[in-house]
Amino acid sequence: MDSDYVQNLRYKLQKRVRRLNASEWQVFHFVLKQFWAFLLQHPILSEVVRKLEAHTAELEGEIESIFSKRAAVVFDTEIEGAAGAYMVLKRCVESDNSQIEASTGRNYNGAGKMGEGLDAFRDMFVEPFYEYIDEQLDDSGLILALLRKYKHRTEWFRRAFLFDLWASDTSRGEKHLALDLYEYLFDGGIDFTIEPVSVSGEVDLVSSQTSPEPLIADAKIFDPGRGKGTDYIAKGFRQIYSYTLDYNQPVGYLIIYKTCEQDLKLPFANEAQATPFVQHNNKTIFFIVIDLYQYEASASKRGKLKYVELVKEKLWEDLDAAP
């Protein structure tokens, strides 16, 4: 990612965090809501936040005890601290209680004054969350944002080129498309190596070299007429899921190139999610669908949308069948 862009984004983030830290307890709740809206409306910051959600599955009980039992929960690792902070902040933002942050902070220092409680809240939740977001701007947290940008760039400017690249050699077209993706990530500032066997075309896994978190990604074709329908996509999901287990990583990415007229309907996608994903056994797999099909008519003249639905239960069936 361009260093000047990251620096500018970091400055915007710092400015809003300073305002948050300077706010008195009487108005902190409302400033936090504004800060949260800024995060979710920014494409890169929102994707960093989405990735953090992958670490929250096992913390539900502890977070609930913070609010229902006024427990002073302390997390064991930095990533748990960041994920827990995210869950606490999200719950506060969604609350109608304008004093919830200061009251929650008082669980940790036993303070009688609201201002002292808010100071504890900042120390326990605002700072760990902010530090995580800031660090991820130089790390693999940008992967999802880059993949979304790659989708837009491909569909807008390279659709015909990549479709022809695939069509000229469909037996190896999937590998050619995967290499185009990896080249884009490399140009975007992501340093990685491709598994040695991939040099001959068997691209399956990309491993990050500058982060302790490997990048788990795979590319698949969606084209039911050529035998690459929802069963094939489910198989790709199983492969990504297996990689997350092998490398002990919480997140994987399945990039799907659609080379047919039929749309791929993902039943787990909704308007609140910038990128569709499913969670299973504390693993999160993101689905990025890239449309390469060459339509003869414009969107307004194509008639009724034709689609094939990926049944969510099929994903679990394949996992149960995995060796």
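The values are calculated or read from the model by the stated rules, or taken from the named source; none is laboratory data. Computed from a prediction, not measured in an experiment: that's the story for all the values here. Positions of Cβ are backbone-derived with ideal geometry, glycine not excepted, and every protein chain shown enters the neighbour counts.
Observations, loosely collected:
- Taking the conditions (1) over 20 Å from residue 177 (Cα atoms); (2) under 22 Å from the mean Cα position of the chain (by Cα); (3) of a type in the set (Asp, Glu) in turn, residue 296 satisfies each one other than (2).
- Qualifying residue in the stretch 53-65 (condition: touching a strand residue (DSSP E or B) at 6+ places or on another chain (Cβ under 6 Å) and surrounded by 15 or more Cβ atoms within 10 Å (Cβ to Cβ)): yes
- Scan of the stretch 220-272 for residues that are farther than 30 Å from residue 83 by Cα and assigned to a loop (DSSP other than H, G, I, E, B), ordered by number: 227, 229, 259, 260, 261, 262
Yes or no, residue by residue, for (1) at pLDDT 85 or above; (2) over 26 Å from residue 313 (Cβ atoms); (3) among the hydroxyl-bearing types (Ser, Thr, Tyr):
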| residue | (1), (2), (3) |
| --- | --- |
| 210 | no, yes, yes |
| 224 | yes, no, no |
| 253 | yes, no, yes |
| 263 | yes, no, no |
| 276 | no, no, no |
| 279 | no, no, no |
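- For the stretch 16-27, the set of residues classified as surrounded by fewer than 20 Cβ atoms within 10 Å (Cβ to Cβ) and either of a type in the set (Ser, Thr, Tyr) or assigned to a helix (DSSP H, G or I) (or both) consists of 16, 17, 18, 19, 20, 21, 22, 23, 26, 27, listed by residue number.
- Per the listing 171, 198, the residue uniquely among the hydroxyl-bearing types (Ser, Thr, Tyr), more than 29 Å from residue 35 (Cα to Cα), out of contact with any Ser or Thr (no Cβ under 8 Å at 6 or more places or on another chain) and at pLDDT below 85 is 198.
- Checking residue 61 against (1) in contact (Cβ under 8 Å) with a residue 12 or more places away in the chain; (2) of a type outside the set (Lys, Arg); (3) not in a loop (DSSP other than H, G, I, E, B), the condition it does not meet: (1)
- The set of residues in the stretch 51-87 being more than 17 Å from the chain's Cα centre (by Cα) and among the polar types (S, T, N, Q) consists of 65, 68, 77.
- Subset of the stretch 45-84 [more than 25 Å from residue 145 (Cα to Cα) and small (Gly, Ala, Ser)]: 61, 65, 68, 71, 72
- Remark: residue 30 falls outside the filter, which requires a residue to be more than 30 Å from residue 150 (Cα to Cα), surrounded by fewer than 17 Cβ atoms within 10 Å (Cβ to Cβ), of a type outside the set (Ser, Thr, Tyr) and touching a Gly at 6+ places or on another chain (Cβ under 6 Å).
- Residue within the stretch 80-91 that is in contact with a helix residue (DSSP H, G or I) (Cβ under 8 Å, 6 or more places away or on another chain), aliphatic (A, V, I, L, M), in the same structural domain as residue 216 (by TED's automatic domain parsing) and part of a helix (DSSP H, G or I) present: no
- Being modelled with pLDDT under 85 and not aromatic (Phe, Trp, Tyr) holds for only one residue in 258, 306, and it is 306.
- Test result for residue 145, in contact (Cβ under 8 Å) with a residue 24 or more places away in the chain, part of a helix (DSSP H, G or I), closer than 22 Å to residue 256 by Cβ and among the small types (Gly, Ala, Ser): yes
- Here the stretch 66-93 is the region considered, the condition is being in contact with a Phe, Trp or Tyr (Cβ under 9 Å, 6 or more places away or on another chain) and not hydrophobic (A, V, I, L, M, F, W, C), and the residue that is surrounded by the fewest Cβ atoms within 10 Å (Cβ to Cβ) is 78.
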